[in-house]
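The structure appears below as structure tokens.
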Amino acid sequence: MSSLNKKFPRLLPTPIKKGMKASDLIDSSFKAYNGGRLAEAGRLLSEKMLASDGTVGMSLTGALTPAGLGRAAIIPLLKAGFVDWIISTGANLYHDLHFGLGMHLFSGSPFLDDVILRKEGVIRIYDVLFDYDVLLDTDAFVRQAIQGNEFQRTMGTDEFHYLLGKYVYQRERQLGIRETSVLSAAYQYGVPVFTSSPGDSSIGMNVAAMSLRDSKLQFDTNRDVNQTAAIVYAAKSAKKTSSVFILGGGSPKNFMLQTEPQIQEVMGIEERGHDYFLQCTDARPDTGGLSGATPAEAVSWGKIDPDNLPDCVVCYADSTITLPLLTAYALDRVKPRKLKRLYDKRDAMLETIRAQYLRHGSVAKITHRTDVSAPKRGRSGRSVTGAARKKAGVSSKAKK
Ligand SMILES: NC(=O)c1ccc[n+]([C@@H]2O[C@H](COP(=O)([O-])OP(=O)(O)OC[C@H]3O[C@@H](n4cnc5c(N)ncnc54)[C@H](O)[C@@H]3O)[C@@H](O)[C@H]2O)c1
């Protein structure tokens, strides 16, 4: 007999039973291919990313909120303290507003006549349908909200979404509805929400139009780049893990991953990369695009800590399937965590990384870099081994 039984678990699923919990179903029946990857993703999320108070960033692309995944999955993750910060496309935040404003979206069909839909004033996102008025009313809400004094300046997109979230929260209360909007939940739970392309959505379009009137609202993308790096640095300098939970790909995926090269390559601060990488996507790696780039490729850029590469997971499946399952899995397996409320610490985190940058960075070429083949070093300069690795929430199993 070969040594397979010493290296790998036997593939022997348990028969599916009536009333099984999603987490048990995934562990006992999802054994191979992308089912196997989804089971690994569930375990990575619950046993490593959420362990030891690690910081978890989530990136959102694809039409997730129009499919109802904000209310179904993202809000429960925020509420349980399982997602500490977010980078989203503007589209997901715009379509999230419909739910917070009590508007109606419908489960339709992908096989309808779009010319008739157009005549009837119906908008279609694959099989999701809603009235054109939903767009017009949401646009008006954004324009009216940003007329307020607090919006009349330049700000990071996290601050913009926090302020907008406050208005959505107030509207939810007026309507007597709750837990409908990601932006409202993020406001309540102090979860910073960034967008990597502020102009590329209906929110950005309304902000732009208002600048043709008298609005002074501008987005500070420099602050967003430094602020996101500051969140990762705050986790790593406290000897906690930093994990990325990527849905889809696109520009939010890069915006989340580039925090590490921003710290190392640009700011000259010693770092090794994010600890854990979980991506659910349909994007393929062989085209060279970032959406499909694997965690192994990200290691070469300093985006991912090479020590933890064996633990990284890519599941090639639709987020409308993977996200509800992973949410159910994590809620079954992990107790709710204390909310980090990173939004409340944004100025302090930015000040810390600024001081480190001014100490280590230069205008001229950065000539030093972390030796990833050397034993891991704590911020004190001592090697991080054994108990210290454990305390730092870093898996020793990953040390291969
Ligand atoms: N009205 C609006 O505001 C509006 C509407 C749509 C798009 N947009 C903008 O267009 C840009 C791109 O949007 P996008 O994220 O929808 O497009 P995208 O198609 O570029 O998707 C990004 C990545 O995610 C993957 N992906 C998409 N859906 C997936 C799913 N269900 N499961 C797994 N992987 C999936 C794609 O393969 C791709 O790699 C964004 O900046 C967005 O704000 C704006």
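What follows draws every value from the coordinates through simple rules; no lab data is involved. This structure is a prediction, so every number in the text was calculated from the model and none was measured. FYI the Cβ positions are ideal-geometry reconstructions off the backbone, even for glycines, and counts take in every protein chain you see.
Brief remarks follow.
- For the peptides 293-306, 75-88, residues were scored by their other Cβ atoms within 10 Å and the scores averaged per peptide; the highest-first order is 75-88, 293-306.
- Total charge dipole magnitude, the range 78-232, about the Cα centre, Cβ charges on Lys, Arg, Asp, Glu only, Debye to nearest 20: 360
- Pairwise FRET efficiency - Asp137 versus Phe111, Cβ, R0 = 41 Å, nearest 0.05: 0.90
- Lys, Arg +1 and Asp, Glu -1 on Cβ, resulting dipole of the chain about Cα centre, debye, nearest 20: 2100
- The simple Förster model, with R0 at 41 Å and r as the Cβ-Cβ distance, assigns Ser3 and Ala72 a FRET efficiency of 0.40.
- The eigenvalues of the Cα gyration tensor, multiplied by 5 and square-rooted, give the range 25-361 an equivalent ellipsoid with semi-axes of 31, 26, 18 Å from largest to smallest.
- Among the listed pairs Lys48/Lys253; Lys7/Lys253; Lys239/Lys340; Lys18/Lys79; Lys6/Lys335; Lys79/Lys253, those with a Cα-Cα distance over 26 Å are Lys7/Lys253; Lys18/Lys79; Lys6/Lys335.
- Value in Å of the Kirkwood radius, where the range 28-69 supplies the Cα pairs that are averaged: 12.3
- Within the same chain, aspartates and glutamates fewer than 8 places from Lys21 are excluded, and of the rest, those with a Cα less than 16 Å from its Cα are Asp332.
- Straightening the chain between Thr352 and Met205 buys 49.5 nm, computed as 0.36 nm per residue apart minus the Cα-Cα spacing.
- Put a dot 7 Å past the Cα of Lys338, heading toward its Cβ, do the same for Ile366, and the two dots end up 3.2 nm apart.
- Of the three principal axes defined by the Cα atoms of the range 144-285, the extents in descending order read 45, 35, 33 Å.
- On the beta carbon distance between Thr287 and Asp318, with R0 = 22 Å, the FRET formula returns roughly 0.70.
- Between Val225, Ile125, Asn34, the Cα set farthest toward the positive side of the dipole of the range 25-361 (charges on each charged residue's Cβ, about the Cα centre) is that of Val225.
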